[in-house]
Amino acid sequence: MIPGGEAEPGRAPVPILTVPSAVRPFYLEAAPARGQLVRLGPLADALLTRHALPDAVAQLLGEALALTAGLAAALKFEGSFSLQARGDGPVGMLLADCTGRGALRGYARIDAAALARFDGAPSAARLLGAGHLAFTVDQGPEMDRYQGIVPLEGSSLADLAHTWFRTSQQVEAAVKLVAARTPAGWRASALLLERIAFAGGGRRRMPEDDDEAWRTAVMLAGSATGAELLDEDLPAERLLWRLFHELDPRIQHAKPVSFGCRCSRERIERVLAGFGPAELDQMAEDGAITVTCEFCNVDFRFDRGDVGAASPADGGAA
């Protein structure tokens, strides 16, 4: 539980949860490729069940969380990576962000009435509608942020990620995302593959050899099934060997991912201090101001008299 936060009746407290081997970076010795296998395990369920999301929206958010965790794991500095989609569909905003140390959070803002008009399981394209998707790399307070924006064009979140790699990063990539409700709860996984300039094991290779090896790597990545990616009884090392054994996969040290909402009572109090007395009075109900974190869904309650300046009616300065 975050100090100062209050859970509504029936709402689970914020978990202290880390998946030590959530991200397994790897590279292929016989192909110009590196990647990450992301398996969020029980962390996916902890993040997705903070809000009462319809299954189609939870699936989309789960894919976004796995994708963001994988991309953040590739950062070479202290910072964070975020994904934010804004559209005119039932999911007006989709947000996931993860620090380089693996603190992961996310949420989806939905229009329940608009969503109710869909039959079955709508695609990501129908959920998000027309708009844009922004990928942002925050390198810390001393550095400029980098942002790549792509239109919401494609039937899936993986399609949008492909567009970002191609247009903003100018690299070839393969992206496979899956999130589903399992008997153990929600699970989410991502398999990311990125082409790199690589000769392969110190041996001189012709460009056409690298092209063919890359196409093979993409084909093998595409053969991974959703069931395999989510199977917690199938170790990551075994899965990567099963997929890429003919390209000599080299699996690197695992990276942890944690439940990483970064809200705090002090941070919210600083935000409230920026409002005027009249605005704070409007926020107050029965003498208290309650702020709910959109990520972890925890309430922070402040007595009106303890926040900002008192209004003239309460005897404060005008």
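The values are calculated or read from the model by the stated rules, or taken from the named source; none is laboratory data. No experiment lies behind these values; they were computed from the predicted model shown. As a convention, Cβ positions derive from the backbone with ideal geometry for all residues, glycine included, and neighbour counts pool all protein chains shown. Accessible surface areas use protein heavy atoms only, side chains included; no ligands, DNA or RNA. Shrake-Rupley method; radii C 1.70, N 1.55, O 1.52, S 1.80 Å.
Toward the positive end of the charge dipole of region 29-184, with +1 on the Cβ of Lys and Arg and -1 on the Cβ of Asp and Glu, the farthest Cα among PRO32, LEU43, GLY120 is that of LEU43. Which stretch or stretches of region 51-87 have amide N atoms under 15 Å from the point lying 7 Å from ALA130's Cα along the Cα→Cβ direction? Answer for this model: 86-87.
Taking Cα centre as origin and charging only the Cβ of basic (Lys, Arg, +1) and acidic (Asp, Glu, -1) residues, the dipole magnitude of region 70-111 rounds to 140 debye. The base-10 log of I(q)/I(0) for region 44-197, evaluated at q = 0.09, 0.18 Å⁻¹, reads -0.27, -1.08 [Debye formula, identical scatterers on Cα atoms, solvent excluded].
Out of all DSSP beta bridges in the chain, what portion is antiparallel? Express it as a percent rounded to 5.
Numbers: 65 of 67 bridges.
Of the beta bridges lying entirely in the chain, close to 95 percent run antiparallel.
Here's how it looks for GLY89: its modeled amide H is under 5 Å from those of GLY129, ALA130, which are all 5 or more places away or on a different chain. Between VAL38, VAL137, VAL257, the Gaussian network model of the chain with springs among Cα atoms under 10 angstrom shows the greatest mean-square fluctuation at VAL137. Think of region 146-260 as a dipole: +1 on every Lys or Arg Cβ, -1 on every Asp or Glu Cβ, centred on the Cα centre; then among PRO256, LEU234, THR182, PRO256 lies furthest on the positive end.
In the chain, helices alone account for a calculated mean residue ellipticity at 222 nm of -8000 deg cm²/dmol, with every DSSP H run of four or more residues adding -39,500 (n - 2.57). Which residue fluctuates most in the GNM of the chain (Cα springs below 10 Å): ALA108, ALA180, ALA273? Per the Cα network of the chain with a 10 Å cutoff, ALA273 tops the list. Calculated on the alpha-carbon coordinates, the convex hull of the chain measures out at 158 cubic angstrom per residue. Exposed loop sites were defined as trypsin sites (Lys or Arg not before Pro) in DSSP loop states (anything but H, G, I, E or B) carrying at most 12 other C-beta atoms within 10 Å; in the chain the longest segment without such a site runs 205-318. The angle separating the long axis of helix 55-73 from the principal Cα axis of greatest extent in the chain is about 70 degrees.
A 1.4 Å probe run over the chain, with the rest of the protein chains in place, finds 49 Å² accessible per residue. Here the label points at SER21 and LYS76, each 7 Å from Cα along the C-beta direction, are separated by 2.8 nm in the simple model.
Do any chymotrypsin sites (Phe, Trp or Tyr not before Pro) in region 96-185 lie in a loop, going by DSSP, with at most 11 other beta-carbon atoms within 10 Å of their beta carbon, and if so which?
On the way: sites: TYR107, PHE118, PHE135, TYR146, TRP164, PHE165; in loops: PHE118.
Counting only loop positions with at most 11 other Cβ atoms within 10 Å, none of the chymotrypsin sites (Phe, Trp or Tyr not before Pro) in region 96-185 qualifies.
Label-to-label distance for ASP299 and GLN252 is 4.5 nm, based on points extended 7 Å past Cα in the beta-carbon direction. Projecting label points 7 angstrom from Cα along Cα→Cβ for ALA227 and MET283 puts them 5.1 nm apart. For region 36-44, backbone phi angles converted through the Karplus equation (6.51, -1.76, 1.60; θ = phi - 60°) give residue-by-residue couplings of 9, 9, 10, 9, 7, x, x, 4, 4 Hz, Gly and Pro being listed as x.
Using the crude model of +1 on Lys and Arg Cβ and -1 on Asp and Glu Cβ, and no other charge, please compute the dipole size for region 89-160 relative to its Cα centre, in debye to 20.
Using Cβ point charges on Lys, Arg, Asp and Glu, region 89-160 gives about 220 debye.
Would you work out the charge dipole size for the chain about its Cα centre, treating the Cβ of every Lys and Arg as +1 and the Cβ of every Asp and Glu as -1, and quote it to the nearest 20 debye?
Details: 32 positive and 41 negative charges, 160 e Å.
Charge dipole, the chain, about its Cα centre: 760 debye, nearest 20.
The candidates ILE110, ILE16, ILE289, ILE149, arranged from most to least accessible area with a 1.4 Å probe in the full protein assembly, appear as ILE16, ILE149, ILE110, ILE289. Of the residues LEU220, ALA58, VAL23, the one whose Cα sits farthest towards the positive end of the charge dipole of the chain is LEU220 (charges of +1 on Lys and Arg Cβ, -1 on Asp and Glu Cβ, taken about the Cα centre).
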